[in-house]
1. On the basis of being aliphatic (A, V, I, L, M) and at pLDDT 90 or above, does B:Ile76 make the cut?
2. With respect to A:Asn323, determine if the residue is surrounded by fewer than 17 Cβ atoms within 10 Å (Cβ to Cβ), modelled with pLDDT of 90 or more and within 13 Å of ligand 1 (Cβ to nearest atom).
3. If you scan the range A:172-208, which residues turn out to be free of Cβ contacts under 8 Å to residues at least 40 places away in the same chain, outside any strand (DSSP E or B) and among the β-branched types (Val, Ile, Thr)?
4. Restricting to the range A:281-300, count the residues that are part of a loop (DSSP other than H, G, I, E, B), more than 6 Å from ligand 1 (Cβ to nearest atom) and surrounded by 17 or more Cβ atoms within 10 Å (Cβ to Cβ).
5. Within the range B:221-240, can you find the residues that are part of a helix (DSSP H, G or I) and of a type outside the set (A, V, I, L, M)?
6. With respect to the numbered conditions (1) within 13 Å of another protein chain (Cβ to nearest Cβ); (2) among the aliphatic types (A, V, I, L, M); (3) out of contact with any Cys (no Cβ under 7 Å at 6 or more places or on another chain), which one is the sole condition not fulfilled by A:Ile216?
7. Would you tally the residues in the range B:34-48 being modelled with pLDDT under 75 and at the interface with another protein chain (Cβ under 7 Å from one of its Cβ atoms)?
Amino acid sequence: MSIDKEESVKKLFTAESAKVDTNKGDAYYDELYISCQKRIEDLKKLKPLNNRMDFTESIEDQGLERRDFLKWASATTAMLMLPASFTPLVAEAAVLMNRVPVIWVELSDCAGNSEALLRSDGPKIDEIILDLISLEFHEILQAASGHQAEKQMNEAMEHFKGKYLLFVEGAVPLGMDGNYGTIGATGETFVDHLHRAAEGAAAVIAVGSCATYGGIPAAAPNPTDSVGVMDVIKGKPIINIPACPANPSNMVGVILHYVLTGSIPELDSLLRPKFAFGYRIHDNCERRGHFDAGEYVEEWGDEGAKNNFCLYKLGCKGPMTFNNCSIIRYNEGVNWPIGVGRGCIGCSEPDFWDKYAYERPMSNANIKAPTGGVEKTVDEFGLGLLTAAGIGIGIHAAASAVAGKSEHGGEF
Amino acid sequence: MKAKAGYIQVKRRTASLRIIHWVNVFSMIAAITTGLYIAAPYYQTFIADPAVDKYVMAWNRWVHFMVAIIFDVTSIIIFYLTFFSRVDRPWSKMIPNKKNMREFSAVLINLITLNRHKNFNSAHNDSFNIAYFFTFHFLMVWMLLTGLQLYVHGLGSGLSSVGTWWPWMLHLVTDWTIPVSGWMVGGGPTATLMDVRISHHMTMWLLIVWVVFHIYYQVWRTIFWKEGDISIIFGGSKYVKIKDNEENKEA
Ligand code: SF4
Ligand code: SF4
């Protein structure tokens, strides 16, 4: 955090954190309903952009019933903080997701977010929907490579200029003129690639913690000088969907919101959609009772662990992490990290690798000194200071005692 | 207490200031013991103990918050008294003008020469002490603001038992501590809530160091200045040799 940046100074007094306004009044929602209806009518007139299977068919192919889909639609409506009356609209919008072109680029990453939405054992509705979106370009998923892939991307960017959503996965290395990461046959650096792709995008969506804040590639000592998308791209609507990996439900939520309303959802001060990041893990955690009771797992597999005690002492960062996994969980509500008995590592917060993911409480964890040098726990550092003060006082006291009392002012 | 012959009694602390001092002392002990528990629970509740009186973390947090509120109140009072007290005018010693700088270094020299040189009026609050206490108040204000920021994380819904204005106000007043903490702790371009925690915890250590020196210095003064400084905080006054005080009677 550099305080010299004009923008960060401006942010000083205007940060809004996670205030969520979940009820904007009937008048607001009535108006929104009408405009959403109109937008869906308009979208219906468009042809599906490319390929792809018919939505209802693919749901059936996967052995899911329409009822499951409707259940999903009402859950998603709630997640997006819309009144229940919007459910049919959300269902319709989901079917129309293939009208909105999406370009997906990968930078410094592990492709974990793509994996998250592709590799669940049976595709859930979220994943089917992500299958359905008109993915115009996705290096991992497409057959084309090399010059061919580049051509495909250029064409997609040209054709859908100003209309496509740009999904970015991975951090942007800025060190060495960006040459830590290059892409394609021309050896274009990641930064240039991102700038070029963002140019014609309607909005840029950073998926995962690396694209949001730099994440793992930006962890200390950050040799590649990696940063997140929002530190590079200016003057474009940016939506961050951090977490490691980003929850597919939240990705769907953002696209759906865009399809439905033509606008991006309400964002918090870190540009994260409030519908997903307006909740603290700790406040909706099933182990919270044990936290308040002072019942903690002391070590992995102990009696407390068997009784689902709170994981705070093993470094759970739920108390300072804003994300909705404690509510919607992963893989359509199957489970989530704390549910399987390990603490939250704060994966949706900035610098999570250095400042959250150390599996012990903050005061006992090694934290980099501001200079990037010594790693000390905060308590060790504090005790060190105290010792230094004690030694100083000891010396002074001993010297005073030896020198003896003196009235003052020159009377030796 | 009547002053010893040759000594004059100097009133230094009103009863209310003394009460505030001791309230702060006990609040601080409570804040540190509960705060250390909140940071990393250092004693275990009995696992076999059924759910009787078991809200150990909740009680620790409750005490921590109550003490924080007491601190908030005493801080406001002290802030008021700094400028409007009838007895002391500490703010006038805070201004870094020539006179105050000279006094500051005179007191510092007295300390490092082990009381060999004492060229200042020790009857009243000196610039060194005032600067030292200013540091304390500065750290305390930072503690209160970061503490309230940590507290408002638990009000993510924007609701509270007293209404929505409370979290709203806390955000307004303390959100800037996030980037400032981030700047102090260092790291990536985006400050994070953990920076506030680290800073809050670190400042506790600074305050402990502050207290240790504070106690030492008061005891040392009492022993070497022989003016009964320690009784300022119990009885409200100290005693100065008459010849010392003459030139500064009006002060
Ligand atoms: S496991 Fe983590 S999130 Fe859950 S109550 Fe404990 S500290 Fe909070
Ligand atoms: S529980 Fe914490 S670490 Fe795990 S996915 Fe959620 S936010 Fe990330």
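1. On the way: aliphatic (A, V, I, L, M): yes; at pLDDT 90 or above: no.
When the stated conditions are applied, B:Ile76 does not pass them.
2. Working: surrounded by fewer than 17 Cβ atoms within 10 Å (Cβ to Cβ): no; modelled with pLDDT of 90 or more: yes; within 13 Å of ligand 1 (Cβ to nearest atom): yes.
Against the criterion (surrounded by fewer than 17 Cβ atoms within 10 Å (Cβ to Cβ), modelled with pLDDT of 90 or more and within 13 Å of ligand 1 (Cβ to nearest atom)), A:Asn323 does not qualify.
3. A:Thr186
4. We begin by selecting, within the range A:281-300, every residue part of a loop (DSSP other than H, G, I, E, B); these are A:285-287, A:294-295, A:297-300.
Then keep just the ones that are more than 6 Å from ligand 1 (Cβ to nearest atom); that gives A:286, A:294-295, A:297-300.
Now restrict to residues that are surrounded by 17 or more Cβ atoms within 10 Å (Cβ to Cβ): A:294-295, A:297.
Adding up the residues that qualify gives 3.
5. Within the range B:221-240, the subset part of a helix (DSSP H, G or I) is B:221-225, B:229-235.
The answer is B:Arg221, B:Thr222, B:Phe224, B:Trp225, B:Asp229, B:Ser231, B:Phe234, B:Gly235.
6. Among (1) within 13 Å of another protein chain (Cβ to nearest Cβ); (2) among the aliphatic types (A, V, I, L, M); (3) out of contact with any Cys (no Cβ under 7 Å at 6 or more places or on another chain), A:Ile216 violates only (3).
7. So the first thing to find is which residues in the range B:34-48 are modelled with pLDDT under 75, and the list is B:45-48.
With the extra rule that they be at the interface with another protein chain (Cβ under 7 Å from one of its Cβ atoms), the set shrinks to B:45, B:47.
Adding up the residues that qualify gives 2.
Listed here are the residues, each with its yes/no results for (1) away from ligand 2 (no atom under 14 Å from the Cβ); (2) not polar (S, T, N, Q).
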site	(1), (2)
A:Asn284	no, no
A:Cys310	no, yes
A:Lys317	no, yes
A:Ile328	no, yes
A:Thr387	yes, no
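The values are calculated or read from the model by the stated rules, or taken from the named source; none is laboratory data. Everything quoted here is computed from the prediction, not taken from an experiment. Neighbour counts run over all protein chains shown; Cβ positions are idealised from the backbone, glycine included.
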